[in-house]
1. Quick one: would you say Cys70 is crowded, with 23+ Cβ neighbours inside 10 Å and away from the ligand (no atom under 12 Å from the Cβ)?
2. Just checking, how many residues over the stretch 1-16 are open to solvent by less than 50 Å² (accessible area, probe 1.4 Å) and at pLDDT 90 or above?
3. If you take the residues of the stretch 73-87 that are crowded, with 18+ Cβ neighbours inside 10 Å and within 24 Å of Ser133 (Cβ to Cβ), which of them is nearest to the chain's Cα centre (by Cα)?
4. Select from the stretch 117-154 the residues that are open to solvent by 20 Å² or more (accessible area, probe 1.4 Å), without any contact (Cβ under 8 Å) to a residue 60 or more places away in the chain and either touching a helix residue (DSSP H, G or I) at 6+ places or on another chain (Cβ under 6 Å) or away from the ligand (no atom under 13 Å from the Cβ) (or both) and list them in ascending order.
5. Any idea how many residues of the stretch 20-45 are in contact with a Lys or Arg (Cβ under 8 Å, 6 or more places away or on another chain) and either under 27 Å from Val135 (Cβ atoms) or within 10 Å of the ligand (Cβ to nearest atom) (or both)?
6. Test Ala93 against the criterion of being under 26 Å from Asn213 (Cβ atoms) and away from the ligand (no atom under 15 Å from the Cβ), and give yes or no.
7. I'd like the residue in the stretch 245-257 that is surrounded by 18 or more Cβ atoms within 10 Å (Cβ to Cβ) and not in a helix (DSSP H, G or I) and, out of all such residues, is nearest to the ligand (Cβ to nearest atom).
8. Please specify each residue of the stretch 342-367 satisfying the condition of being open to solvent by 70 Å² or more (accessible area, probe 1.4 Å) and closer than 28 Å to Gly503 by Cα.
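The values are calculated or read from the model by the stated rules, or taken from the named source; none is laboratory data. Owing to the predicted nature of the structure, the values given are computational and were not obtained by experimental measurement. Heads up, the Cβs are rebuilt from the backbone with ideal geometry, glycines too, and the neighbour counts pull from every protein chain shown. Ligands, DNA and RNA are excluded from the accessible area calculation, which covers all protein heavy atoms including side chains. Shrake-Rupley method; radii C 1.70, N 1.55, O 1.52, S 1.80 Å.
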Amino acid sequence: MSANASGWGGGYVTDVPYIPGYYRHQSPLHLNLACLIGGVAGLHLAPGRPLSYLELGCGRGFGALALAVCNPAWQVLGIDFNPAHIAAAQALAAEAGVANARFVEADLATFAADPASHDIPEVDVASLHGVWSWVGDAVRAGIVGLLARKVRPGGIVHLSYNALPAWQGALGLQRLVRAAGERLAASSERQVEAGFDIVRTLAAAHAFHLYGNPFVDSLIERSDHRHTTYLAHEFMNEAWRPCFHADVVAALAEAKLSWVGSAQLLENFSALMLSDEVRSVSARFDDPVMRELVKDVCLRRGLRQDVFVRGPRRLPTSERDAMLGNVVLGLMCPEAEFDWEFKVPSGSAALEERFFGPIVTALAQGPRRVSELLALPELSRHDNPAELVGMLVGTDQALPLLAPPGAPDPRIILFNRLAAKHFVRPGNLNNGSALAVSGTGAPVPCTMLDLFVAARLDEDKPPDVASWAAMLGQGQPETEQERLHGFIEGLLTERAPLWRRLGALAAPAR
Ligand SMILES: C[S@@+](CC[C@H](N)C(=O)[O-])C[C@H]1O[C@@H](n2cnc3c(N)ncnc32)[C@H](O)[C@@H]1O
């Protein structure tokens, strides 16, 4: 029987709280870039300027809180129907003294029609990560109703979901994991383990729908390394249903939302995504939604990260470029580790060194405005801020910032310390997290291990790598503790200077 069959969950997993995480695509600074790259007016972002942000299905609220702490002038609101999530988010907000974030327990299926929703302000940005394809029709309708009432004209909506046709070959896998798991175990975490056990056995026996499909193979392979909590929320929901982009676009049109591009910035550059042959087919259609269907049929992408605007305002290129020129970028890796080549669906792409080389060298000194970077005299050319921003941010090697950082204040240090204390566990060191920062408006994406190390460095004691490795490697063989020790040493030399440059570390270099 389903662990979630009775009560208020409507078939969504409720017996185990979701993992805390930070997803950079949800940041308004990042979504603003997706709009500008798509040629559409984004947000008026500036240090100290108010913005209203709403996250629907916010889980434990870590992402919403990180954005709130980094942007004291913003009002941040998270909604989720799981009281364990809301209680955790409210407790961290209170403990860390985050006064500009609020969390409300409400069921999205009914909230839009509930008088309690009248208190929710009009918002500039709404984000739903990991919600849409995991909930049923009534919840989706409620979400659209809420967006229709609460997103201001010109406001942005970010929505991620499992996409068709990528997931079509995995429908049998998902159904089997859920149905088998429900019969073999009680809690949804044990169910998903038991379900995948059956799937692996059948895949090894070359079950037709579980073997030889690269997408299905990768799901089975990854299930070995993923936390059971994540897997339970991914696979054990009764209403889970992947969607075609065109159907999501049609649903959101009810809220007067228009699709403007992908929050995975590289996906907006069709030369990187599609071969010439496919692009010539795509070019036969004027309709961007039709072109996305061609793309989805050709690409493997199983998770779409769509960006919508309520009343998009198309910008002349000169105006769009001026707005992109105003964006500040911070480098996210040491210069020596910068990747000049990366894999893309159409093959591999190489960044032109005569253009990007001087830009990366300048960014290695500290955050810089795009207009300043484009004016560097050494550049082979001085045009195309969309390409500059798209490639550097799209490969996760740069982060958009509101301004260069200030020194972290005690609020920031406290938040990072509390996040490390509450969330870092020996079993989740590679999970995604973030470091709060002062002044830039942009939490720095990192792993749980990074968060732990950065928070310890800010404790004003000399680094004690041996005891950190022992603590994090608890119960693991000595070799694992040695591996962790070496890894942490690497973070201190390579990452700590980077965190300092991005304003995420107060402690001076030792
Ligand atoms: C996969 S989790 C994603 C959480 C968070 N957005 C993240 O990415 O970490 C989906 C979230 O949607 C919430 N949810 C599911 N159905 C809901 C409903 N009917 N009303 C409100 N929240 C819901 C769940 O409780 C859960 O926190």
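1. For Cys70, the condition - crowded, with 23+ Cβ neighbours inside 10 Å and away from the ligand (no atom under 12 Å from the Cβ) - is met.
2. Here the count works out to 6.
3. Here the residue is Gly78.
4. If the condition is that a residue be open to solvent by 20 Å² or more (accessible area, probe 1.4 Å), without any contact (Cβ under 8 Å) to a residue 60 or more places away in the chain and either touching a helix residue (DSSP H, G or I) at 6+ places or on another chain (Cβ under 6 Å) or away from the ligand (no atom under 13 Å from the Cβ) (or both), then His118, Asp119, Arg149 are the ones that fit.
5. Of the residues in the stretch 20-45, 2 are in contact with a Lys or Arg (Cβ under 8 Å, 6 or more places away or on another chain) and either under 27 Å from Val135 (Cβ atoms) or within 10 Å of the ligand (Cβ to nearest atom) (or both).
6. Judged against the criteria, Ala93 is not a match.
7. Ala255
8. Across the stretch 342-367, the qualifying residues are Glu353, Gln365.
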